[in-house]
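Here the structure is laid out as structure tokens; the discussion comes afterwards.
The values are calculated or read from the model by the stated rules, or taken from the named source; none is laboratory data. The structure displayed is predicted, hence computed values, not measured ones. For neighbour counting, all protein chains shown are included, and Cβ atoms are generated from backbone atoms with ideal geometry for every residue, glycine included.
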Amino acid sequence: MEVGEDAGNRLDAIYGTHAFLEGAEARTMGWSQDFLGPTLRLRSGRTARLTVGNGIEHAITSHWHGLHVPGWNDGGPQSLIAPDAVLEQALEIDQPAGTFWYHSHPHGTTGDQVYHGLAGLLLIEDEQPGENALPATYGIDDIPLIIQDKSFSRRGRLRYDDDGMTAMQGFRGDRIAVNGALEPVAQVPPGLVRFRLLNASNSRVYVLSFDDGRAIYQIASDAGLLPAPVRLDRLQLAPAERAEILVDFSDGASSRLISQDVPVQMMGGMMGGRMGGGMMGRSAGSDSPNGTFNILSLTVDESRQAAVSDVPREIRGAHIPDLGEPVRRRRFELNMMMGMGMMRGMFGGRPTLGINGRTYDMERIDEQLRIGETEIWEISADMMSHPFHVHGTSFQVLSQNGRPVSFAETGMKDVVWVENHAEILVRFDHPATPEAPYMYHCHILEHEDSGMMGQFTVT
């Protein structure tokens, strides 16, 4: 769906039914369709005008995840759209090309709404997208993959729970859906294929690889292209992270994209170890006895002509920003243990989680920042690992667990995986007011809904 400066572009949150399993209809939500939403295509340097309507019985928002827009356009919890109401949006797109997404973001029900389908892919494209020798025929050699885990009742209905230990660990299903389909098969041309990957799961982490060991060349991360392709054997994607990869199918052989079944990672004093030391919550019913999930089966269609056959040595147009010298440092501790709220979670109620010892409060501004000032943010996690997301900007990851992180391998991000400790370099170039602040939060959606979130202004 091309979204330009003309009026008439519309998204509506609606109820639907979707047949994940043969002969069974699950009740779902979607943006103008039964499940998920159309891929939105926006142009860098232009205005995108959208009307967002709410056709369900609960309040929603339209959060443009990864976009550099003012707080009043960001779609955070303060920007509620009531049932039967509409919101007119004019998004000034002033950032590089990349793969982003959009989803509903009301406090307390984000997990439920995203799980049931209020999410979709959003692509920003350059005015002259052909300057790179990259596959670019959408749906043929440029293929979007929205990866989610689901759980089903015996009648094929979606099951979701966000209380008790589920909220503590994050909801995890035992079946994998790609673009709303279980066990999908895709045909690709005999050459390079570009996959745009989005982990839209509530809490599951994927470690992606191909069953035949073929190489992955990462060409983009959350916020746009990398300076050069990075060759990988496997790729980790935490919730809300994106990556673009190139894969070579010139050998004509079929292949499967698979993921390890990554357990919930508990650490620190409670479990007595760092990530990988204490583990709990392995999925029940992963679809392989050796602890792997089938994500996508791929077959080569020799009748299709590959537009690109060689992996480029460098990627023209990759955005390498100069964020300047930091003027201050802020610290954020992601807290799992919040007094009696922790006990509620252990005994079946919703836990109370927080950041810096405080659970989220819509009436409280937690931080005040200034436009154009660069800062270092230190994020630390207790008990388990967390994907930490910052609204309204992209940032550079400086270090993880005390080890420097190469910009060439990660590029600009808006989600950082916090295993124990991470540092990011961040700057905000758009305003956010007390009435429409930006958010920072864990992107395990049950953690976010349980209060592991803060909000800030930029003036």
For this session: Residues being more than 20 Å from Gly139 (Cα to Cα) and within 23 Å of the chain's Cα centre (by Cα): count how many of those fall in the stretch 1-15.
Result: 6
For this session: Could you pull out the residue among Asp414, Asp429 that is crowded, with 20+ Cβ neighbours inside 10 Å, more than 19 Å from Val264 (Cα to Cα), modelled with pLDDT of 95 or more and outside the structural domain of Ala97 (by TED's automatic domain parsing)?
Result: Asp414
Exercise. Mind checking which pairs have a first residue in the stretch 51-75 that is on the phi > 0 side of the Ramachandran plot and a second that is polar (S, T, N, Q), Cβ under 9 Å, 6 or more apart or different chains?
Worked result: Gly66/Gln95; Gly66/Thr99; Gly66/Ser394; Gly75/Thr61; Gly75/Ser62; Gly75/Gln89; Gly75/Ser104
Exercise. How many of the residues in the stretch 230-268 are among the hydrophobic types (A, V, I, L, M, F, W, C), modelled with pLDDT of 95 or more and assigned to a strand (DSSP E or B)?
Worked result: 10
Problem set entry | Residue within the stretch 43-56 that is within 23 Å of Arg242 (Cβ to Cβ), of a type in the set (Ser, Thr, Tyr) and within 20 Å of the chain's Cα centre (by Cα) present | no
Exercise. Could you list, in sequence order, the residues of the stretch 138-180 that are on the phi > 0 side of the Ramachandran plot and part of a loop (DSSP other than H, G, I, E, B)?
Worked result: Gly139, Gly156, Gly170, Asn179, Gly180
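Table: residues versus (1) touching a Ser or Thr at 6+ places or on another chain (Cβ under 7 Å); (2) over 22 Å from Thr433 (Cα atoms); (3) in a loop (DSSP other than H, G, I, E, B); (4) not basic (Lys, Arg).
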position: Asp6; (1), (2), (3), (4): no, yes, yes, yes
position: Tyr15; (1), (2), (3), (4): no, yes, no, yes
position: Phe20; (1), (2), (3), (4): no, yes, yes, yes
position: Asp34; (1), (2), (3), (4): yes, yes, yes, yes
position: Arg41; (1), (2), (3), (4): no, yes, no, no
position: Gly53; (1), (2), (3), (4): no, yes, no, yes
position: Ile56; (1), (2), (3), (4): no, yes, yes, yes
position: Val69; (1), (2), (3), (4): no, no, yes, yes
position: Asn73; (1), (2), (3), (4): no, no, no, yes
For this session: Tell me, please, whether a residue that is surrounded by fewer than 14 Cβ atoms within 10 Å (Cβ to Cβ), farther than 21 Å from His319 by Cβ and of a type in the set (A, V, I, L, M, F, W, C) can be found in the stretch 350-363.
Result: yes
Exercise. For the stretch 289-324, how many residues meet the condition of being of a type in the set (Gly, Ala, Ser), touching a residue at least 40 places away in the same chain (Cβ under 8 Å) and under 26 Å from Val178 (Cβ atoms)?
Worked result: 4
